[in-house]
Structure formats: C-alpha cells, structure tokens
Amino acid sequence: MISDDSARSFVDRWLADWNAHDLDALLAHYADDVVFTSPLADRLLPGSGGVAWGKAALREYWTAGLAALPDLPFDVLDRYIGVDTLVIRYRNHAGGVVCEVLEFAGDTIVRGHGTYLAA
C-alpha cells in the first residue's frame with residue numbers, strides 16, 4: 001500500500017525531475033518492461049498506437065516530447081493514492097490539466113497512463 005508520506009515524497013521528486021528534464025532520474029522509477037500509454041505517444045512514437053512498451057520506448061517518447069518542448073514545466077495540483085496506484089494531477093506547459101496514473105509493484109512503476117481532459 002502506498003502511504004501518504006511516500007506518495008508526497010515521490011510526487012515531489014517526480015515534479016523536480018520533470019522540471020529539470022532529468023530523464024535518467026525519471027526512468028529510474030520504472031521497470032524495464034513498463035507499459036506506458038498516452039495519446040501523445042501515438043504522435044511522437046509513430047506506429048505505437050499510443051503505447052510505449054518498455055523503458056527504452058518510454059525514453060524515446062519522452063526524449064521526443066522534451067525536444068519538441070524544451071521549456072516544458074509542470075505544476076502539481078493534486079495527488080490521489082490507491083492501493084498500488086498513484087495519480088498525479090498536474091498543469092502542463094499549455095495550461096492543460098493532465099492526470100498521470102501510475103501502477104506500482106513495490107517501489108517500481110510497472111504501468112502508467114497519461115490522461116488528458118476531454119474537450
């Protein structure tokens with residue numbers, strides 16, 4: 001079970017790592033065989049169908065995203081705790097609200113989903 005303290009600590013690190021564009025620090029939290037879905041991955045990883053299969057594909061996706069938006073900042077709005085799930089609700093560079101849904105096995109993220117507010 002994810003505690004409030006561990007969730008707060010993780011989200012603080014996650015935000016600092018994203019805002020520093022430190023992909024190595026971010027990816028250190030993910031399993032080698034992580035599965036990450038996002039509508040943006042469909043555009044940045046052609047042929048992926050929006051799914052990054054594995055840490056190497058996730059690195060490729062995020063590298064492409066940061067190359068397209070070199071000044072990308074995030075601002076965390078809320079965090080939601082489940083049994084083995086953490087949801088980070090944040091504001092992105094364009095002012096849009098995004099939720100990142102992260103599923104953990106112990107301290108490692110095994111599945112993630114970038115979700116965006118419907119129009």
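Bear in mind that the values in this text are calculations on the coordinates, not laboratory data. Nothing here was measured: the structure is a model prediction, and the numbers come from that model. Neighbour counts run over all protein chains shown; Cβ positions are idealised from the backbone, glycine included.
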When only Cα pairs under 8 Å and 6 or more residues apart are kept, what is the percent relative contact order across the range 50-119?
19
Summed over the other residues with a beta carbon less than 12 angstrom from that of D33, with K and R at +1 and D and E at -1, the charge totals +1
quick note, the chain, DSSP beta bridge pairs, % antiparallel (nearest 5) is 85
Which value in nm describes the separation of the simple spin-label points at D84 and D33, placed 7 Å from the Cα toward the beta carbon?
1.3
Computed helical MRE - 222 nm, the chain, DSSP H runs ≥ 4 contributing -39500 (n - 2.57), nearest 500:
-10500 deg cm²/dmol
For Rg/Rh (Cα atoms, Kirkwood Rh), with candidates [x] 1.20; [y] 0.93; [z] 1.05, the value calculated from the shown model is option [y]
Summing Lys, Arg as +1 and Asp, Glu as -1, what charge do residues with Cβ under 14 Å from the Cβ of P73 carry, P73 excluded?
-3
Given a cut-off of under 8 Å on Cα pairs at least six residues apart, what relative contact order in percent is computed for the chain?
26
Once fully extended, how much extra length lies between D71 and C99, figured as 0.36 nm per residue of separation less the alpha-carbon to alpha-carbon distance?
8.1 nm
How far, in nm, would the chain grow between T108 and D24 when pulled straight, counting 0.36 nm per residue and subtracting the alpha carbon separation?
28.8 nm
Can you list the residues of the range 1-45 with backbone N under 11 Å from a point 7 Å past the Cα of N92, pointing along Cα to Cβ?
38-44
Assuming R0 = 30 Å, what is the FRET efficiency of L40 and S6, from their Cβ-Cβ distance, to the nearest 0.05?
0.65
